[in-house]
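Rule-based calculations on the coordinates, nothing more; no lab input. Not measured: the values here are computed from a predicted model. Cβ placement follows ideal geometry from the backbone for every residue including glycine, while neighbour counts extend to all protein chains displayed.
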Amino acid sequence: MSSPEYIAQNLNVVRQEIAAAEQKADREGGTRMLAAVKYGSDEELQALLQAGVRDVGENRVQQLLAHWPIYEACGTRVHFIGTLQTNKVKYIIDKVAMIHSVDSLHLAEAINRQAMQRELVMDVLVEINGAREEAKSGIMPEEAAALCREILQLTHLCLRGFMTMGPRFEDDDAYQRYFASVKEIGDGIWRALGIEGQPLYSMGMSESFVPAILAGADMVRVGRRLFRLPDGAANDQAENR
């Protein structure tokens, strides 16, 4: 089976699972799937876009820049979902629709400066390290409200909600409890700061997007599931990239 065929097949399966989770959560059509392309080849990326994917998540600045001509030609919405160094902000500020991984005032101010220079307003999410994992990025829950308060003062940022990575769990119930706990934190911050509307939540990846949707995710970041070979095994080339 050629790359475009199995990519389209995988995408269809993931979309069906998203739709089923939305129906179970009584929020049909409420989830945006971001194709996390870190593990895909250029050919697989092209196949995803040809199959109708319009939102992608990029983890690395260099890879995003390499893919940019493809995205620009296709009108793709690019979300930056990885760790972002302040000195790299200038390379992506006019190319991304949203930055999901803001976890410090230093980074927020760097994004604001670059957005000001380009005369644009950047949508951002605050990344919360809800499990307090030292190896993971994200701000600690008790510090998130203060960061959000500072971001609200930055005129070229628009705080849209929260992102979380989370640990690996053995079952969906544990994932759902974790994501629900982060949503509770975020909702509390939103109310305390008097922010209008509802926060967006970027939660859940290939192994956890269903429980994330059940917990209230608005965006899920699916990567490996999209690049799986037809026999169900992960694409070795993609996994080792």
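Summary of computed values
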read-out	value
Cα centroid separation, region 171-213 to region 53-86 (Å)	24
Computed FRET value (nearest 0.05) for MET116 with ASP172, which takes r as the C-beta separation and R₀ as 35 Å	0.25
Amide hydrogen neighbours beyond the local backbone of ASN129, cut-off 5 Å, H modeled	ILE139, MET140
Tail weight of P(r) past 34 Å, computed on alpha-carbon pairs of the chain, percent	13
Estimated inter-spin distance, MET140 and ASP94, nm [label 7 Å along Cα→Cβ]	4.0
Residue-averaged [θ]222 nm for the chain, counting only DSSP H segments that reach four residues, each worth -39500 (n - 2.57)	-13500 deg cm²/dmol
Region 2-133: radius of gyration and largest Cα-Cα distance (Dmax), Å	16.2, 46
Under the span-like rule (Cα at least 24 Å along the axis, Kyte-Doolittle mean at least 1.6), DSSP H helices of the chain	none
Descending semi-axes in Å of region 94-199, equivalent ellipsoid built from Cα gyration tensor	25, 15, 12
GNM flexibility winner over the chain from LYS95, LYS24, LYS38 (Cα, springs under 10 Å)	LYS24
Relative contact order (%) - the chain, alpha-carbon pairs under 8 angstrom, separation at least six	21
Under 25 Å between alpha carbons - lysine pairs in the chain that sit 8 or more apart or on different chains	8
Least to most buried among HIS156, HIS79, HIS106 (fewest other Cβ within 10 Å first)	HIS106, HIS156, HIS79
